[in-house]
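The block underneath contains the structure these notes are about, expressed in structure tokens.
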Amino acid sequence: MMNPSYAPKEVEAAAQGHWNARDAYRVTEDASKPKYYACSMLPYPSGKLHMGHVRNYTINDMLTRQLRMKGYNVLMPMGWDAFGLPAENAAMKGQKPPAAWTYDNIAYMKSQMQAMGLAIDWSREVATCQPTYYKWNQWLFLKMLEAGIAERRTQTVNWDPVDQTVLANEQVIDGRGWRSGALVEKREIPGYYLNIVKYAEELLGAVANPEDPNYLAGWPERVRLMQENWIGKSEGVRFAFPHEIRAADGTLIQDGKLYVFTTRADTIMGVTFCAVAPEHPLAAHAAASQPAVAEFIAECAKGGTTEAELATQEKKGIATGLFVMHPLTGAQVEVWVGNYVLMSYGDGAVMGVPSHDERDFAFAKKYGLEIKQVVAVEGETFSTDAWAEWYGDKQKCVCVNSGVLDGLSHKVAVSKVAELVGAKGLGEKKTTWRLRDWGISRQRYWGTPIPIIHCESCGAVPVPEKDLPVVLPEDLIPDGSGNPLNKCDSFLNVLCPCCGKPARRETDTMDTFIDSSWYYMRYCDPTHPDAMVAEGTQYWMANGGMDQYIGGIEHAILHLLYARFWTKVMRDLGLVTVSEPFKKLLTQGMVLNHIYSRRTDKGGKEYFWPHEVEHVFDASGKVTGAQLKADKGELPAGTAIDYEGIGTMSKSKNNGIDPQELINTFGADTARLFVMFASPPEQTLEWNDAGVEGAHRFLKRVWAFGAKNADALSTATDVGAELSAEAKALRREVHLVLKQVSFDYERMQYNTVVSGAMKLLNALEGFKATGSAGDAAVLREGYSVLLRGLYPACPHITHALWEQLGYAAQLGDLLDAPWPTVDEAALVQDEIELVYQINGKLRGSLKVPASADKAAIEAAARAALVSHAEFAKFAEGREPKKVVVVPGRLVNVVV
């Protein structure tokens, strides 16, 4: 006998036990079915799932379950992005090896995922910190070395002299190391780079050109645009400013040519200075004899190294006293060192045109440099007092004060400049990219070891393929004094594979973006010992790659770009046949919650959990602040708290929700239902406790309806031809909702799928049975549609009801039950209801046969004016002058 009350813990434990006993989610390659590969971005094992994870994986799970019902062979795998700095930081704090911390977190987070009832094929689980996985990072790196895609060169890094380690830009705070507080130094150190720029044109085409055969039409437009901007194709002119500046040994520095690249060669006659990066050879030359320049360069070394940082910091410079020659006029042009010029971009130098570049304009105003107008726009007046947007408008401008370029448009002038500098052997047209080659060397312990051995005799020697993987020792504990691999003799000391002499291993490890660039391919054939990708990959990545990828918008640039690059490299090395890894991409919105805080006596900020406070409203009902509900420590109830509005859930801001607490209180199905119903998948989701409780109440109603009608639902026969009008109306509603829900599943609008299920339950609950034989059959069919439509969102409760009400005996396990089909005959109506108006005013409704033509409707409307007392009183005995019929909608009687 059915439990009359919904008991989530019992229901979910039983359902998961059933699936585990069946090994229900293990997937194998099956040529007899259409394949569908749906994958969520793998999580970092930080310790606990957050609501963003719950939302991401439930979206994937709904897609997987519904497609399986439609006959697809669906793969939904899961793994762990397990290397990285957070594990090292946790190890230093807890004096526990990163490996132990990582594996403990994986075990706990996996148990949380299992509690959610996700249809994951755990036989394909990978962790990127396992040697069986990162062996292939190393193997492909060596193949890239052979192919010239990987190479060793120097890189500029942030070096913490106390911790003896390289810091990421975000770890440098006010020029000091985030942990040690030491002044950070810029250092040139050797590292390995992957030549992603070689693939820039192809990477760009698939996001920017709809005619490209690999165009990513299934990606959000804003993600394609973000990738396009990051790749940043620029077409312009690279040319040199000649000079006679000589080094101490008498040789011309850089062969006497200071090269720059510009997309605005039409403004070449407006150059009043050149700026070089602090690391440029001309800057170093000036610093050798000028203490002020040396001091300025030292100050620049404390700043950031990224383009984004340089764009926001104050633009500073210093004159070097050095001069180069203008390539067309021969005029002397002063050289400055600028803190906004990156040595790693182009040639580490820019031409300064203050009149038509906003950054140069500000720089020139700050240091009193000449500003020469050399382009004009009709109807606009140029002034050096303040920057105007049209100064940099290359679409409308023509050259002025520019000699042979006068009167030329931007495009024509650029070509003319290229011709002029080319004739002098000083330059040519060139395409450049904002994209930079990918530096993968990290001076970290917890990562994939770079498979290189350093020998005094042989140099940098690749580890022989037979010796892979180079295994990372898992028992080391970082102490903040540099990479512990440098102190691990068992790892460090090795014989050279070439000459057999004592040598040392490379202690740099790979950027963790390497790990996430191809994991989705390893899922397809995760245990193959002798191949990076094997037959499983050919099956699941066929027909243009993964069918659906799901993840956060925060990964829209680097992760996706590197995965695309990695796929193309694997293709060119003959490992895969696809050029793009992800056919369709869904970037789910973030989960938001209220943020509450107050300033402490020491000026810090203390955050409060939403359940600890209550809002304070003004007279109009607007939230003006918050206050503590009860005493908290030394703070009494009623203490004023600042309300910061809605923001992304975060542990640090005490506004996160623990999914495990939610599951323990309401059950996994409630958590899943709420995150699907509250918002469309791509939009942000605002947390609402009342919404969670509402989702739980709905599931209790679903259960209660099944329990209340268990006898009728479990014994009813199939729907026959003879149905009461009420039963026909219900069946029509069921199939109308089914048609809409099926469409919503196709477009992954899961919030309206849930609202469809709610609408269907309302219809079932509101059905007034007449006692006819067909009533129970229609109810059984309608409830069957409800359970199947709701199942992908709430698999546990629907599985239990499906089993207990006998549907499984007829249609099989809900996992593989067929998706219901719309009965078009059920949508056909015997009668339709029209709005009835008299003299244009609504007076009621009129039922007519569905087959009635315009004449028949008009006749019925005239008759109703006499036979229906309610209509007759408005006509006041007057005869109809005319009847206006709007088919399917309304009839208007004019009297």
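The values are calculated or read from the model by the stated rules, or taken from the named source; none is laboratory data. As the structure is a prediction and not an experimental result, all values here were calculated from the model. Every residue, glycine among them, receives a Cβ derived from its backbone with ideal geometry; neighbour counts consider all protein chains shown.
I'd like the full set of residues that are closer than 24 Å to THR587 by Cα and among the small types (Gly, Ala, Ser), limited to segment 680-694.
Within segment 680-694, just GLY691 meets the criteria.
Among all residue pairs at least 6 apart or on different chains, which show Cβ distances below 7 Å where the first residue, located in segment 202-229, is under 15 Å from LEU560 (Cα atoms) and the second is in a strand (DSSP E or B) and not small (Gly, Ala, Ser)?
Filtered contacts from segment 202-229: LEU204/LYS233; GLY218/LYS584; GLY218/LEU585; TRP219/LEU585; PRO220/LEU585; PRO220/THR587; VAL223/LEU585; VAL223/THR587.
For segment 64-96, how many residues meet the condition of being under 20 Å from ILE120 (Cβ atoms) and in contact with a helix residue (DSSP H, G or I) (Cβ under 8 Å, 6 or more places away or on another chain)?
Applying the first criterion (under 20 Å from ILE120 (Cβ atoms)) to segment 64-96 yields 64-70, 72-82.
From what is left, the residues that are in contact with a helix residue (DSSP H, G or I) (Cβ under 8 Å, 6 or more places away or on another chain) are 65-66, 68-69, 74-82.
Total meeting the criteria: 13.
For residues that are touching a residue at least 60 places away in the same chain (Cβ under 8 Å) and of a type in the set (Ser, Thr, Tyr), scanning just segment 431-470, find the one that is surrounded by the fewest Cβ atoms within 10 Å (Cβ to Cβ).
Only one residue tops the list, namely THR431.
Contact list please: Cβ distance under 8 Å, first residue in segment 529-544 and assigned by TED's automatic domain parsing to the domain that holds GLU580 and at negative phi, second residue aromatic (Phe, Trp, Tyr) and assigned to a helix (DSSP H, G or I), pairs at least six apart or on different chains.
MET532/TRP136; MET532/TRP139
For TYR192, which of the numbered conditions (1) buried (at least 18 other Cβ atoms within 10 Å of the Cβ); (2) outside any strand (DSSP E or B); (3) not charged (D, E, K, R) fails to hold?
(2)
One residue is enough: does segment 573-596 have a residue meeting the conditions within 26 Å of LEU203 (Cβ to Cβ), in contact with a Leu (Cβ under 7 Å, 6 or more places away or on another chain) and of a type in the set (Phe, Trp, Tyr)?
no
Yes or no, residue by residue, for (1) crowded, with 20+ Cβ neighbours inside 10 Å; (2) assigned to a helix (DSSP H, G or I):
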| position | (1), (2) |
| --- | --- |
| GLY706 | yes, yes |
| SER714 | no, yes |
| ASP718 | no, no |
| LEU723 | yes, no |
| LYS728 | no, yes |
| ARG732 | no, yes |
| LEU738 | yes, yes |
| TYR745 | yes, yes |
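Can you confirm whether segment 491-514 contains a residue that is in a helix (DSSP H, G or I) and touching a Pro at 6+ places or on another chain (Cβ under 6 Å)? Before the answer, list the steps.
At the first step, the residues of segment 491-514 found to be in a helix (DSSP H, G or I) are 491-492.
Restricting the remaining residues to those that are touching a Pro at 6+ places or on another chain (Cβ under 6 Å) gives 491.
Among the residues of segment 491-514, at least one is in a helix (DSSP H, G or I) and touching a Pro at 6+ places or on another chain (Cβ under 6 Å), which makes the answer yes.
So, of the residues in segment 387-430 that are outside any strand (DSSP E or B) and of a type in the set (Val, Ile, Thr), which turns out to be surrounded by the most Cβ atoms within 10 Å (Cβ to Cβ)?
Restricting to residues being outside any strand (DSSP E or B) and of a type in the set (Val, Ile, Thr), the top hit is VAL417.
Please go through segment 114-168 and pick out each residue that is assigned by TED's automatic domain parsing to the domain that holds TYR103, out of contact with any His (no Cβ under 8 Å at 6 or more places or on another chain) and more than 24 Å from LEU472 (Cβ to Cβ).
GLN114, ALA115, MET116, LEU118, ALA119, ILE120, ASP121, TRP122, SER123
Are any residues in segment 831-844 among the charged types (D, E, K, R) and either surrounded by 11 or more Cβ atoms within 10 Å (Cβ to Cβ) or under 25 Å from GLN740 (Cα atoms) (or both), and if so, which ones?
To start, the set of residues in segment 831-844 that are among the charged types (D, E, K, R) comprises 831, 833, 841, 843.
Within segment 831-844, GLU831, GLU833, ARG843 meet the criteria.
So which pairs qualify, if the first residue must be in segment 762-773 and assigned by TED's automatic domain parsing to the domain that holds ALA704 and closer than 11 Å to ALA727 by Cα, the second must be of a type in the set (Val, Ile, Thr) and surrounded by 13 or more Cβ atoms within 10 Å (Cβ to Cβ), the Cβ gap must be under 6 Å, and the two must be at least 6 apart or on different chains?
none
So which of ARG571, ARG564 is surrounded by 20 or more Cβ atoms within 10 Å (Cβ to Cβ) and under 27 Å from GLN130 (Cβ atoms)? Break it down into steps so the answer makes sense when it comes.
Values: ARG571 fails: surrounded by 20 or more Cβ atoms within 10 Å (Cβ to Cβ).
Exactly one residue qualifies, and that residue is ARG564.
Scan segment 784-796 and tell me whether some residue there is over 30 Å from ILE663 (Cβ atoms) and in the same structural domain as LEU730 (by TED's automatic domain parsing). Reasoning before the result, please.
Initial filter on segment 784-796 (over 30 Å from ILE663 (Cβ atoms)): none.
Taking every residue of segment 784-796 in turn, none turns out to be over 30 Å from ILE663 (Cβ atoms) and in the same structural domain as LEU730 (by TED's automatic domain parsing).
Could you list, in sequence order, the residues of segment 679-694 that are of a type in the set (A, V, I, L, M) and modelled with pLDDT of 95 or more? Give the steps one after another, and end with the answer.
At the first step, the residues of segment 679-694 found to be of a type in the set (A, V, I, L, M) are 685, 690, 692.
VAL692 - this is the single residue of segment 679-694 that is of a type in the set (A, V, I, L, M) and modelled with pLDDT of 95 or more.
What number of residues within segment 723-766 satisfy the criterion of being over 27 Å from PRO680 (Cβ atoms) and among the acidic types (Asp, Glu)?
Within segment 723-766, residues that are over 27 Å from PRO680 (Cβ atoms) and among the acidic types (Asp, Glu) number 1.
Show the residue pairs that are 6+ apart or on different chains and have beta-carbon atoms under 7 Å apart, the first residue being within segment 826-846 and in the same structural domain as LYS739 (by TED's automatic domain parsing) and of a type in the set (Phe, Trp, Tyr), the second being surrounded by fewer than 14 Cβ atoms within 10 Å (Cβ to Cβ) and in a strand (DSSP E or B).
none
Would you be able to say whether some residue in segment 660-677 is hydroxyl-bearing (Ser, Thr, Tyr) and modelled with pLDDT of 95 or more?
yes
So that you can scan it fast, the table gives a plain yes or no per residue for (1) within 28 Å of HIS735 (Cα to Cα); (2) not in a strand (DSSP E or B):
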| site | (1), (2) |
| --- | --- |
| PRO820 | yes, yes |
| ALA825 | yes, yes |
| TYR836 | yes, no |
| LEU846 | yes, no |
| ALA856 | no, yes |
| ALA860 | no, yes |
| ALA872 | no, yes |
| ARG878 | no, yes |
| VAL884 | no, no |
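Across segment 793-830, which residue is nearest to ASN73 (Cα to Cα) among those that are surrounded by 14 or more Cβ atoms within 10 Å (Cβ to Cβ) and of a type in the set (D, E, K, R)?
Among those that are surrounded by 14 or more Cβ atoms within 10 Å (Cβ to Cβ) and of a type in the set (D, E, K, R), it is ASP813.
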